[in-house]
Amino acid sequence: MDIEEEIQSSIRSLELDAAEDDVGIATEDVKEELASFDKEAVKEDVQINSQPAVMEPKGKTKEMKVSEEVVELNETPENRKRHLNVVFIGHVDAGKSTTGGQILFLSGQVDDRTIQKYEKEAKDKSRESWYMAYVMDTNEEERVKGKTVEVGRAHFETENTRFTILDAPGHKSYVPNMISGASQADVGVLVISARKGEFETGYERGGQTREHVLLAKTLGVSKLVVVVNKMDDPTVGWSKERYDEIESKMVPFLKSSGYNVKKDVQFLPMSGLIGTNIKTRVDRSVCPWWDGPCLFEVLDTIEIPLRDPKGPFRMPILDKFKDMGTVVMGKIESGSVREGDSLLVMPNKVQVKVISVHCDENKVRGAGPGENVRIKLSGIEEEDILSGFVLSSVEKPVGVVSEFDAQLQIIELLDNAIFTAGYKAVLHIHSVVEECEIVKLLQQIDPKTKKPMKKKVLFVKNGAIVVCRVQVNNLICIEKFSEFPQLGRFTLRTEGKTVAVGKVAGLLPSGTTGA
Ligand code: GTP
Ligand code: MG
């Protein structure tokens, strides 16, 4: 078996919602592609905004401007639109922010005057074509450079669904921010530029298209909409040939990344800048060969796996702030929350009471799994909470460990290093970012048979699947992948590169030495 097949089958063996069809192997080697990821140090600080608005302002704004009027959300599910988080991913400059801005414009949340103002500002900064992206890119740095840095958040609705858009940065330096955005989402919109040369840099020469897809899969983004963007560009001119070329190159790669292309992936042509095939289908006079749906239709009808509203409550804390009390924000991964509930802040086991729950800008009495919420708590000070902590049910608290066993898929080690006890990396698991060390290799898994190999394992190389023991310095809240996939899948990164993806196989009681 060559390395490419090996990697494909080993990614499958991780069963990260493994795809069913087993045809199609990436024409290019995942390993090689990942090898070209940038080695420069990255900002490991993950920033998420906390202020609601049409487009939530970026930065750590700690004020909360919210309606005090109570909206019954989860209480009348039949009257209520479902809620989905959609992360926009893809290579730098693919058009993620432009598309996000256009969506807000088309859904009537940004008026012409504001767009004109952005046009002028973009022109003054010699970034004429970035005016739509300015809707999402609200920081001065982002506007000057024309690049998203922090994940932008905004909201829009289609007929049946309320969406939270998470506009991730494409630049390789901000992959940790992208990870944070993707870990909150169920659906990914993978934006690909069809412009001559841009698809190629994004895909073929070590761009972020591939890294983002692999990370999205690992982080639990179960559905992908692959948007072939910039179809209006003069080098493309809505060419069916170009669209087909991109689709035919992407399909095998998506399969090898674990996506079931038939069930979980949909492609469509689009222009984010002009706003074509987003809210309404592209006109035949513009694109005679497309008779499929537009972006809103696809998003509105996308089906995602149901989560159990009655499961034990789990909400990884992404951010916190003071607002006449302590407010924590995050996405509910399991269970439901209501005003008056008693919960635990883990790992420090502080008992708290829920004073109020906000969903987007609305105050609600309760919220269920999949919702992005802000919860005001009593019984704890803001200083005593860190992002990565988990708000958890009292009866069945989340697992707390400093050591765990995991099944790892080694993707690409720096300079072809060997992976052995003593290997150090940065662990990204839900909202936790923590240094870790591999303390012991336990078993190597045969990628073909998926069975443990008999011989003792002391080191492994690229492409290997290995069960090992991982240690962190601080207590972290995680779960077994088999029980809570969202709290049990992770990535290991070193010097800004994804070196491995994995799932938690077992928690070790804290205090165990692991020897
Ligand atoms: P990062 O945030 O840096 O990862 O980039 P991004 O994917 O958000 O791209 P952005 O929206 O900032 O757009 C980058 C450039 O592509 C801008 O000049 C846009 O005008 C241009 N662009 C985006 N979408 C389209 C499109 O549909 N057609 C054309 N012709 N240009 C587009
Ligand atoms: Mg952007």
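Some points to look at:
- Of everything in region 192-238 that is in a helix (DSSP H, G or I) and of a type in the set (Gly, Ala, Ser), the residue that is nearest to Ile165 (Cα to Cα) is Ala216.
- Residue in region 161-179 that is touching a Gly at 6+ places or on another chain (Cβ under 6 Å) and among the acidic types (Asp, Glu) present: yes
- Of the residues contained in region 161-169, one or more are found to be near ligand 1 (Cβ under 8 Å from one of its atoms), crowded, with 21+ Cβ neighbours inside 10 Å and either in a strand (DSSP E or B) or polar (S, T, N, Q) (or both).
- Each residue in region 170-191 was checked for being in contact with a Lys or Arg (Cβ under 9 Å, 6 or more places away or on another chain), more than 10 Å from ligand 1 (Cβ to nearest atom) and part of a strand (DSSP E or B), and 3 pass.
- Selection from region 272-317 of residues that are closer than 23 Å to Phe163 by Cβ, touching a Ser or Thr at 6+ places or on another chain (Cβ under 7 Å) and among the aliphatic types (A, V, I, L, M): Leu273, Val282, Leu299, Ile304, Ile317
- For beta carbons closer than 7 Å, sequence separation of 6+ or different chains, a first residue in region 79-98 that is closer than 15 Å to Val175 by Cβ and basic (Lys, Arg) and a second that is outside any loop (DSSP other than H, G, I, E, B) and more than 7 Å from ligand 1 (Cβ to nearest atom), the qualifying pairs are Lys96/Phe88.
- Enumeration of residues in region 284-326 that are assigned to a loop (DSSP other than H, G, I, E, B), within 18 Å of the chain's Cα centre (by Cα) and of a type in the set (Asp, Glu): Glu303
- Extreme residue, farthest from the chain's Cα centre (by Cα), among residues of region 255-276 that are under 17 Å from Ser193 (Cβ atoms) and of a type in the set (A, V, I, L, M, F, W, C): Ile274
- Any hit, region 212-235, residues being surrounded by fewer than 24 Cβ atoms within 10 Å (Cβ to Cβ), more than 15 Å from ligand 1 (Cβ to nearest atom), over 23 Å from Arg281 (Cα atoms) and not aliphatic (A, V, I, L, M): yes
Read-outs throughout are calculated quantities, based only on the coordinates presented, and are distinct from any laboratory measurement. A quick note: this is a predicted structure, and the numbers were derived from the prediction, not measured. Note that each Cβ is placed from the backbone with ideal geometry, even for glycine, and that neighbours are counted across all protein chains shown.
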